[in-house]
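What follows is a single structure, written as structure tokens, with notes after it.
The values are calculated or read from the model by the stated rules, or taken from the named source; none is laboratory data. Every value quoted in this text rests on a predicted model; they were computed, and no experiment measured them. When we count neighbours, we look across all protein chains shown, and the Cβ atoms used for this are built from the backbone with ideal geometry, even at glycine. Surface areas here come from the heavy atoms of the whole protein model, side chains and all, with no ligands, DNA or RNA. Shrake-Rupley method; radii C 1.70, N 1.55, O 1.52, S 1.80 Å.
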Amino acid sequence: MRSTRVAAVTVAALLIPLGGCSATDSTSTGARRSATPAAQVARLVLEKSGGIAGVRDTVTVEPDGRWTVVDRSGASRTGQLSAADLERLRQLAADPRLAAETGSTTKPTSCADSFTYLLTVDGTTTGYVDCPTDASRPAATAAVVELLTRATG
């Protein structure tokens, strides 16, 4: 019950600043544009572990999109998310499904040597084992993992 409340508070804290972030452009194209800068997302930490080689990578993304990947040997690399990736990450971090996924129970996996992903957003953690034969992955969590894996590759 406590994790549900923490998740709800986290989502609310992430959504409140987004209330006035965009407005419809009145030009003839009708395209949407940002009226104010998008709200910053809290620091995200993604831990990827497992696999046959015993991977242990930690991806940390700062609110401004700067990222650092540290592998199990301690080697690191850094970069900056593109504006589009940062905007998408902000949308995913504010997705109510992400908070709901923190309270779901993960069933034991039938796969060996699969990757395990743990995602922490503002102190709330969710995750899954990436096993193709397991039931569906948590959609919002998996979307963040896919975005960060591609962007920090």
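Is it true that some residue in the stretch 12-34 is in contact with a Cys (Cβ under 7 Å, 6 or more places away or on another chain), modelled with pLDDT under 80, among the small types (Gly, Ala, Ser) and surrounded by 10 or more Cβ atoms within 10 Å (Cβ to Cβ)?
In the first step, residues of the stretch 12-34 are kept if they are in contact with a Cys (Cβ under 7 Å, 6 or more places away or on another chain); the result is 34.
Now drop any that are not modelled with pLDDT under 80, which leaves 34.
Narrowing the set further to residues that are among the small types (Gly, Ala, Ser) leaves 34.
Imposing the further condition that a residue be surrounded by 10 or more Cβ atoms within 10 Å (Cβ to Cβ) reduces the set to 34.
Checked against the condition, which is being in contact with a Cys (Cβ under 7 Å, 6 or more places away or on another chain), modelled with pLDDT under 80, among the small types (Gly, Ala, Ser) and surrounded by 10 or more Cβ atoms within 10 Å (Cβ to Cβ), the stretch 12-34 yields at least one hit.
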Flagged in the stretch 41-63 as open to solvent by 50 Å² or more (accessible area, probe 1.4 Å) and in contact with a Leu (Cβ under 8 Å, 6 or more places away or on another chain), in numbering order, are 47
Restricted to the stretch 103-138, and to residues that are open to solvent by 30 Å² or more (accessible area, probe 1.4 Å) and β-branched (Val, Ile, Thr), which residue is modelled with the lowest pLDDT?
105
Output the residue which, of all residues in the stretch 68-81 that are under 15 Å from the mean Cα position of the chain (by Cα) and farther than 24 Å from residue 114 by Cβ, is surrounded by the fewest Cβ atoms within 10 Å (Cβ to Cβ).
68
Residue check, residue 84 against (1) touching a residue at least 12 places away in the same chain (Cβ under 8 Å); (2) under 18 Å from residue 146 (Cβ atoms); (3) exposed (fewer than 13 other Cβ atoms within 10 Å of the Cβ); (4) not polar (S, T, N, Q), all met but one. Which one?
(1)
